[in-house]
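Since the structure comes first, as structure tokens, the remarks are kept for the end.
The values are calculated or read from the model by the stated rules, or taken from the named source; none is laboratory data. Keep in mind that this is a model prediction, so the values were computed, not measured. No Cβ is skipped: glycine too gets one built from the backbone with ideal geometry, and neighbour counts run over all protein chains shown.
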């Protein structure tokens, strides 16, 4: 580690360091970066669960999870579920599905998912 790298790490904010950590963790897995996602196209993205909440959507319970890979965030919605075993904040997840725009952000509904170690 050079002096410039050490100086950057000591002067960077916590958010910048966390984004760099996530970007390093999820780059090289053959997945699309969240910022490069487009609506209405099949996509495979990975990230760390930042937030989880249980909300009703169209009268049925749904889990909304926000994933971040260091470049951006995407909301993943699992309809008809009250819980998913092993899904909690800080957990790495790969999801595959089709994103659509909802209220100015991309949302993937009922994706295929893989929990990472």
Exercise for the section: Test each condition in (1) without any contact (Cβ under 8 Å) to a residue 40 or more places away in the chain; (2) within 17 Å of residue 69 (Cβ to Cβ); (3) loosely packed, with under 12 Cβ neighbours inside 10 Å for residue 13 and report the one that comes out false. Expected result: (2)
Practice task
State yes or no: is residue 45 in contact with a helix residue (DSSP H, G or I) (Cβ under 6 Å, 6 or more places away or on another chain) and at pLDDT 85 or above?
Solution key: yes
Fill in the blank from the handout: Conditions (1) touching a helix residue (DSSP H, G or I) at 6+ places or on another chain (Cβ under 9 Å); (2) farther than 22 Å from residue 117 by Cα -> residue 39 fails only (1)
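Starting from residues that are touching a helix residue (DSSP H, G or I) at 6+ places or on another chain (Cβ under 7 Å) and closer than 15 Å to residue 115 by Cα, keep the ones in the stretch 48-95 and report whichever is surrounded by the most Cβ atoms within 10 Å (Cβ to Cβ). If you could, list the steps in order and put the result at the bottom.
Step one: list which residues in the stretch 48-95 are touching a helix residue (DSSP H, G or I) at 6+ places or on another chain (Cβ under 7 Å), which gives 48, 68-74.
Narrowing further to those that are closer than 15 Å to residue 115 by Cα: 48, 68-69.
Details: 48: 20, 68: 19, 69: 24.
Among residues in the stretch 48-95 that are touching a helix residue (DSSP H, G or I) at 6+ places or on another chain (Cβ under 7 Å) and closer than 15 Å to residue 115 by Cα, the one surrounded by the most Cβ atoms within 10 Å (Cβ to Cβ) is 69.
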Practice task
Taking only the stretch 62-98 into account, find how many residues are over 12 Å from the mean Cα position of the chain (by Cα), closer than 14 Å to residue 43 by Cα and at pLDDT below 95.
Solution key: 0
Handout entry: Residue satisfying all of: in the stretch 96-115; surrounded by 15 or more Cβ atoms within 10 Å (Cβ to Cβ) and touching a residue at least 60 places away in the same chain (Cβ under 8 Å); farthest from residue 38 (Cα to Cα) among these
Key = 108
